[in-house]
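What follows is one structure encoded as structure tokens, with my remarks underneath.
The values are calculated or read from the model by the stated rules, or taken from the named source; none is laboratory data. Note that the coordinates shown come from a computational prediction; the quantities given were computed from them, not determined experimentally. Cβ: placed from backbone, ideal geometry, glycine included. Neighbour counts: every protein chain shown.
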Amino acid sequence: MFEVFRNAWKLADLRKKILYTLFIILIFRLGASIFVPFLDTDKISTVLGMDQGGGNLFSYWDQMTGGSLSNGTLFAMSITPYINASIIIQLLTVAIKPLERLAKEGDEGRKKLNKINKLVALGLAIFQAVAFYITLRNGGVVKYTNGFDGVISAIVIVGCFVAGASLIIWLGDQISEKGIGNGISMILFAGIVSRIPGDVIGLFRTISAGGMKNAILVPIILIIYVGMITLVVLMTNAERKIPVQYAKRVVGRKMYGGQSSYIPIKVAMSGVMPIIFAMSIMSLPSTICFFFGISGDGTSGHDFWEGFVRLFSTSSWLYAVLYFLLIIGFNYFYVAIQYNPIQIANDLKKNNGAIPGYRPGQPTADFINNSLSKVTLIGAIFLGFIAIFPIIFQNLSGIQGLSLGGTTILIVVGVSLETVRSLESQMMMRHHKGFLE
């Protein structure tokens, strides 16, 4: 990886793209340090229940925003409205025929879908900003709530949150157009990486408080994280290659075709999306109970609902089991809407291609579907293992703050590999000698 960046830095145009990407990330981090007016930022973590380790929706958002939510900064909502809008549009593309046609129209269709996606993201940003403001106001975080001052503070706070979310989408587009890699992924990557130093310091403080017993776990934790990173890299690059043989055909005096190729099926083709889906659903029970004043710490007086919240906290074994099953289910669902074996079989038939040993048409589609199901199961188990292993280790060791470790590793490693592949492809187009020798 470092060799790729070193070679890319030697090329003037790629060096400009790398510097431009770093400049946009710098702007993003500066925006994440600008506090929204009229908020008592010291109370946000307590009011939103982030300091209780309950695994509610706010804790998940705070992880994705790089701590901007708990600090009450301009980018408190980060790219969560855009991610939610992307999920909604992807689901609607399967159900609504006009959107499905746009998805099949190539670049022009994707541009129109992207505009629709941004409009939906704007609507979600306004809704989330208003809901977030009401939550903070009810928790006593907003300094001015009555009269004209209250109206002005509400407009300013909601406006800052919406403007921050819109600015992040624009910054992501600038990276995609003029920088390196996918802009939204890079913003998400930067937010998560910015929290790593603080999380590491907090982890070591927890270990220090536990004495020699926890100190023994330090090398074990390091080995586990290195092993998880290695596994993520291997599984992200792993793929099932289905061989394809194209028939020879004569056009005039020339013969075309006859070459062999393959259909690549990535083991982890759905990336981190199933984990995001599953985490959003698993965090809903504790979030809903939080709005009714039930936090799971035994202070609300509702024994049944207190126990219910504890069952859906990240330290619960039931949470880990349901989380694992939801990841598997969502992985199959996400692959099903992205991969169509019948269409692939028809495209092979039109191009005189065939899988050796299988007739064109339905037999080919059945074979691709069976292969896809097996590969999807392996990828789903891998995603589920990466997601729940930190939870299991946290329960066994008693060290808190590890429950989101697998998700962040997947995102960080996935974006890093994607960025490296983007640099390699651009250097190949420029005939860099390191890739031709």
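Against the definition (among the small types (Gly, Ala, Ser) and farther than 25 Å from residue 79 by Cβ), how does residue 147 come out, yes or no? Let's see the steps before the verdict.
Working: among the small types (Gly, Ala, Ser): yes; farther than 25 Å from residue 79 by Cβ: yes.
Criteria met by residue 147.
So, residue 21, is that one in contact with a Gly (Cβ under 7 Å, 6 or more places away or on another chain) and outside any loop (DSSP other than H, G, I, E, B) or not? If you could, list the steps in order and put the result at the bottom.
Details: in contact with a Gly (Cβ under 7 Å, 6 or more places away or on another chain): yes; outside any loop (DSSP other than H, G, I, E, B): yes.
Here the answer is yes, as residue 21 does meet what is asked.
What about residue 221, is it crowded, with 18+ Cβ neighbours inside 10 Å and under 26 Å from the mean Cα position of the chain (by Cα)?
yes
Residue-wise test of (1) of a type in the set (Asp, Glu); (2) assigned by TED's automatic domain parsing to the domain that holds residue 281; (3) within 20 Å of the chain's Cα centre (by Cα).
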residue	(1), (2), (3)
330	no, yes, yes
342	no, yes, no
370	no, yes, no
387	no, yes, yes
428	no, no, no
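If you go through the range 188-197 one residue at a time, do you hit one that is surrounded by fewer than 15 Cβ atoms within 10 Å (Cβ to Cβ) and not polar (S, T, N, Q)? Even if it seems obvious, please write down each step before you answer.
Step one: of the range 188-197, the residues surrounded by fewer than 15 Cβ atoms within 10 Å (Cβ to Cβ) are 196-197.
Filter again for not polar (S, T, N, Q), leaving 196-197.
Looking through the range 188-197, at least one residue is surrounded by fewer than 15 Cβ atoms within 10 Å (Cβ to Cβ) and not polar (S, T, N, Q).
Taking residue 383, is it in a helix (DSSP H, G or I), buried (at least 21 other Cβ atoms within 10 Å of the Cβ) and not assigned by TED's automatic domain parsing to the domain that holds residue 314?
The answer is no for residue 383.
Could you pull out every one of the helices (runs of 4 or more DSSP H) wholly within the range 61-177 that has 3 or more residues that are at pLDDT 85 or above and either under 18 Å from the mean Cα position of the chain (by Cα) or buried (at least 16 other Cβ atoms within 10 Å of the Cβ) (or both)? Walk me through it before giving the result.
Details: elements: 68-71, 80-95, 97-103, 107-138.
Counting at least 3 such residues, we get 80-95, 107-138.
So that you can scan it fast, the table gives a plain yes or no per residue for (1) outside the structural domain of residue 143 (by TED's automatic domain parsing); (2) charged (D, E, K, R); (3) under 25 Å from residue 388 (Cα atoms):
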| site | (1), (2), (3) |
| --- | --- |
| 23 | no, no, no |
| 33 | no, no, no |
| 42 | no, yes, no |
| 59 | no, no, yes |
| 76 | no, no, no |
| 80 | no, no, yes |
| 89 | no, no, no |
| 108 | no, yes, no |
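Collect the residues in the range 380-431 that are small (Gly, Ala, Ser), farther than 25 Å from residue 200 by Cα and modelled with pLDDT under 85, keeping them in residue-number order.
Just the residues of the range 380-431 that are small (Gly, Ala, Ser), to begin with: 380, 384, 387, 397-398, 401, 403, 405-406, 414, 416, 422, 425.
Still in the running and farther than 25 Å from residue 200 by Cα: 380, 422, 425.
Answer for the range 380-431, where residues must be small (Gly, Ala, Ser), farther than 25 Å from residue 200 by Cα and modelled with pLDDT under 85: 422, 425.
If you go through the range 220-243 one residue at a time, do you hit one that is modelled with pLDDT under 75 and either closer than 25 Å to residue 411 by Cα or not assigned by TED's automatic domain parsing to the domain that holds residue 62 (or both)?
No, the range 220-243 contains no residue that is modelled with pLDDT under 75 and either closer than 25 Å to residue 411 by Cα or not assigned by TED's automatic domain parsing to the domain that holds residue 62 (or both).
Being farther than 19 Å from residue 271 by Cβ, in contact with a Pro (Cβ under 8 Å, 6 or more places away or on another chain) and either outside the structural domain of residue 385 (by TED's automatic domain parsing) or not hydroxyl-bearing (Ser, Thr, Tyr) (or both) is true for just one of 320, 354. Which residue is that?
Numbers: 320 fails: in contact with a Pro (Cβ under 8 Å, 6 or more places away or on another chain).
Going through 320, 354 in turn, just one is farther than 19 Å from residue 271 by Cβ, in contact with a Pro (Cβ under 8 Å, 6 or more places away or on another chain) and either outside the structural domain of residue 385 (by TED's automatic domain parsing) or not hydroxyl-bearing (Ser, Thr, Tyr) (or both): 354.
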